[in-house]
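What follows is one structure encoded as structure tokens, with my remarks underneath.
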Amino acid sequence: MTSATSRSAKADPESGTQGGATQPSATPQNGQQSRPKPAPPAGAPVRVTGAQSLVRSLESVGAEVVFGIPGGTILPAYDPLLDSTKVRHILVRHEQGAGHAATGYAQATGKVGVCMATSGPGATNLVTPLADAHMDSIPVVAITGQQSRALIGTDAFQEADICGITLPVTKHNYLVTDPVDIPRVIAEAFHLASTGRPGPVLVDIPKDVLQENTSFSWPPERQLPGYRPTMRPHGKQVREAAGLIAKSNRPVLYVGGGVLKADAAEQLRELAELTGIPVVTTLMARGAFPDSHPLHLGMPGMHGSVAAVAAMQRADLILALGARFDDRVTGQLSSFAPEAAIVHADIDPAEISKNRKADVPIVGDCQEIITELIAAVHAAGERPSLETWWSLLSNWRDTFPLGYDWPADGALSPQFVIERIGKLAGPAAVYAAGVGQHQMWAAQFVRYENPRSWVNSGGLGTMGFAVPAAMGAQFGQPDKEVWAIDGDGCFQMTNQELATCAIEGAPIKVAVINNGNLGMVRQWQNLFYSERYSQTDLGTHAHRIPDFALLAEALGCVGLRCETKDEVDDVIRRAREVTDRPVVIDFVVGKDAQVWPMVAAGTGNDEIMAARGIRPLFDEDEAEGPETEGIRPDAATLVDQDDTNDTKSAEDGGIAHD
């Protein structure tokens, strides 16, 4: 291939000097210093090994951190990596930790996260993190070693077809068969991962390709003729959306993670304030719009606020921005928002009308779309009149605020613990969560005011995500306080990465919400399986196995325990004072706390339970007049939870375990 001309030459592999610099002779001749030897001209190829080409390519694309573990087939890459002054390698304790750390790094920074593993089991240990990143559209590049070219297909030691295995869970993947292609492939991988709809890209490189001599020049010429994501939206569709806004009586801005990925938080706020339209932010969009803003109704969906669910359900116009109408938001799709016209804006045309037909489809980058929509609203000269709508929504918000009861037995409330962490650490911190009850409570009771302050596993719902993701976020944002809010089940899956944090000096704080159970599974067993608690007791309460505080100390961390309300603030403050190593707090909480509100899997949002036994009714006929139009906040009925069990079965709705 022919590489494009570089803007500046990179470091010479033999001398280590930067392009454009000169190399003084080390040995004077005839008592006089020789003339400097000029560096190779800009863009001129230099001779390197494939491994050196890989490291130089990572440096050239701006990779700062690589999370990985060396092994046989990737070992050639680790030798030049040792010499790099630009790329920091973090030696993790499990490849799954490397993948989730790369995801956490990417979510917290907006940059591409990088992980590295050897072939066979090393590569297959990355499958879950890749699937996780794929579901949540996170830019990650995974680099794996592979058996030498002649051995591929022979069932050689630690051989696995990782390209074939990961094909369904990556945006793209490569098997590099010629070392000269390494710069191009790395450049393309980073470009693909970070543009359009972001996602993970895998680069598989055979060992002999890394060892073979080749030439290196930068930048290479990317060869992606069919890949041209649409950035600018179609003007006619934007004007149609503005027209619908002007005519609407009950509009909602339904904000998904695409707004964060497009760095469109400022534009979103401008649009909301211009139109006065209420905003709901999905689990993947927490922080895209300030929780403190009066236009914000909170999170929609299965465990969203009643006001947010009500707004979506009774809207006459939904403007979906970077959201995908997933089942956790819509509930039973056939009964979702029956009166709403849909404006669906997304960078990925495959998402448009996939789950809910769009009346106005808009393909493009969310920042571009919102910017043009603001201009179109101004040009239209009309604003919707939303006083009645806001009166109704405000009543719903006031009548059914997010809240919790203290455990009847006097045990520590998990919601209170998480609320206090958010209050004391504040909105400048970064919060990571695994999946399950603690994830929902962290989404509900921490107030998010800034983009990229919330890191979580949304679509795949991966247990064990929080600790390595928090580690990645800490390396990406070293000046910020990072909290992993984890469950006792999730924590036991990947806590070995605390040793990585201790050795590398990453002072993450881990709040283990220890209820002694797989909490969300127990909640479903309580609600749908007649309180038959099959295989959910973890023994972390009754037997203290493991002792999380002692385990933390063994891993080089500070280990703390908290069992009463009076201790909570003090133990959080003590954790925040530690800046040279990780801290783990074992919060021993009540085992029976449940996540509310809740829309049971397989049911419609009309059947949301604000709390156990309390169901707001959305289906009453609207009366004429401004005082009674729309949802009535007094239309809440006490219902017997047992009565709901006849219609709510624990369908395969993807229970989050912990």
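FYI, it's all coordinate maths here, none of it is from the lab. Predicted, not measured: the structure shown is a model, and the values here were computed from it. For neighbour counting, all protein chains shown are included, and Cβ atoms are generated from backbone atoms with ideal geometry for every residue, glycine included.
One equal scatterer on each Cα of region 271-342, no solvent, Debye formula: the resulting log10 I(q)/I(0) at q = 0.22, 0.24, 0.26 Å⁻¹ is -1.01, -1.21, -1.42. Remark: Phe587, Phe416 ranked as Phe416, Phe587, counting other beta-carbon atoms within 10 Å and listing the fewest first. With a ≥ b ≥ c the root eigenvalues of the C-alpha gyration tensor of region 380-432, is it rounded (a/c under 1.5), prolate (a/b larger than b/c) or oblate? Oblate, since a/c reaches 1.5 and b/c is not below a/b.
Suppose we keep just the DSSP beta bridges with both residues in the chain; what percent of those would be antiparallel, to 5? Intermediate values should be presented prior to the final figure.
Working: 14 of 79 bridges.
Here the share of antiparallel DSSP bridges comes out near 20 percent.
For the peptides 197-208, 85-96, 136-147, the ranking by packing is 136-147, 197-208, 85-96, with the highest mean count of neighbouring Cβ atoms within 10 Å listed first. As a proxy for reagent exposure, ranking Cys562, Cys115 by other Cβ atoms within 10 Å from fewest up yields Cys562, Cys115.
Net charge around Leu151, counting only other residues with Cβ within less than 14 Å of its Cβ (Lys, Arg = +1; Asp, Glu = -1)? Every neighbour counted, the sum reads -3.
Among (1) 33.5; (2) 37.6; (3) 31.9, which is the computed mean projected area of the Cα convex hull in nm²? So the structure-derived entry is (1). In terms of its alpha-carbon gyration tensor, region 235-399 comes out rounded; the largest-to-smallest axis ratio a/c stays below the 1.5 threshold. Across region 235-399, the relative contact order, built from alpha-carbon pairs under 8 Å that are at least six residues apart, equals 29 percent.
Residue-wise HN-Hα couplings along region 326-339, as the Karplus relation 6.51 cos²θ - 1.76 cosθ + 1.60 with θ = phi - 60° gives them from phi, are 6, 5, 6, 8, 7, x, 4, 4, 5, 10, 7, 6, x, 9 Hz; Gly and Pro carry x. The mean sequence separation of alpha-carbon pairs under 8 Å and at least six residues apart, normalised by the residue count of region 46-216, gives a relative contact order of 30 percent.
Note on Lys171: lysines with a C-alpha under 28 Å away, same-chain residues under 8 apart excluded, are Lys86, Lys111, Lys207, Lys261, Lys354, Lys357. Relative to the dominant Cα principal axis of the chain, helix 565-577 is inclined by about 20°. Does region 132-194 come out rounded, prolate or oblate, given a ≥ b ≥ c as the square roots of the eigenvalues of its C-alpha gyration tensor, rounded meaning a/c under 1.5 and, failing that, prolate meaning a/b above b/c? Oblate shape, in that a/c is at least 1.5 and b/c is the bigger or equal ratio.
Length gained on full extension, Ile152 to Leu82, computed as 0.36 nm times the residue gap minus the Cα-Cα distance: 22.4 nm. Label positions at His191 and Leu333, each projected 7 Å from the Cα along the C-beta direction, are separated by 3.4 nm.
Exposure proxy ranking for Tyr78, Tyr448, based on other Cβ atoms within 10 angstrom of each Cβ and starting from the fewest, stands as Tyr78, Tyr448.
Using r as the Cβ-Cβ distance of Lys357 and Arg612, and R0 as 51 Å, what FRET efficiency do you calculate, to the nearest 0.05?
It comes out at approximately 0.90.
Along region 136-142 the Karplus relation, 6.51 cos²θ - 1.76 cosθ + 1.60 evaluated at θ = phi - 60°, assigns HN-Hα couplings of 9, 6, 9, x, 9, 10, 9 Hz to successive residues, with x for each Gly and Pro.
Using Cβ point charges alone (K and R +1, D and E -1), the dipole size of region 46-216 about the Cα centre works out to roughly 400 debye.
Tell me, what is the percent relative contact order of the chain, built from C-alpha pairs under 8 Å that lie six or more residues apart?
Details: 1544 pairs, mean separation 82.6, N = 658.
Computed value for the chain: 13 percent relative contact order.
Measure out, as a whole number of angstrom, how far apart the alpha-carbon centroids of region 459-493 and region 119-153 sit. Region 459-493 and region 119-153 have Cα centres separated by 21 Å.
Using the alpha-carbon atoms, what tilt in degrees (0 to 90, nearest 10) does helix 414-425 show relative to the longest principal axis of the chain? With rounding to tens, the tilt is 60 degrees. Sorted from longest to shortest, the spans of the Cα atoms of region 61-107 along the three principal axes equal 28, 24, 14 Å. Residues whose amide H lies under 5 Å from that of Gly604, counting only those 5 or more places away or on a different chain, are Gln332; hydrogens are built 1.01 Å from N in the peptide plane. Here r is the Cβ-Cβ distance between Glu221 and Asp537 and R0 is 60 Å; the resulting FRET efficiency, rounded to 0.05, is 0.50. Here's how it looks for Asp204: its modeled amide H is under 5 Å from those of Thr144, Tyr174, Leu175, Val176, which are all 5 or more places away or on a different chain. Entry note, the chain: the mean residue ellipticity at 222 nm calculated from DSSP H runs of n ≥ 4, each adding -39500 (n - 2.57), is -9500 deg cm²/dmol after division by the residues and rounding to the nearest 500. Compared with the dominant principal axis of the Cα atoms in the chain, helix 95-109 is inclined by about 70°.
For Leu167 and Ala44, FRET efficiency with R0 = 41 Å and r from the beta-carbon atoms, rounded to 0.05? Can you show the working numbers first?
Details: r = 37 Å, r/R0 = 0.91.
Once the sixth-power term is evaluated, E becomes 0.65.
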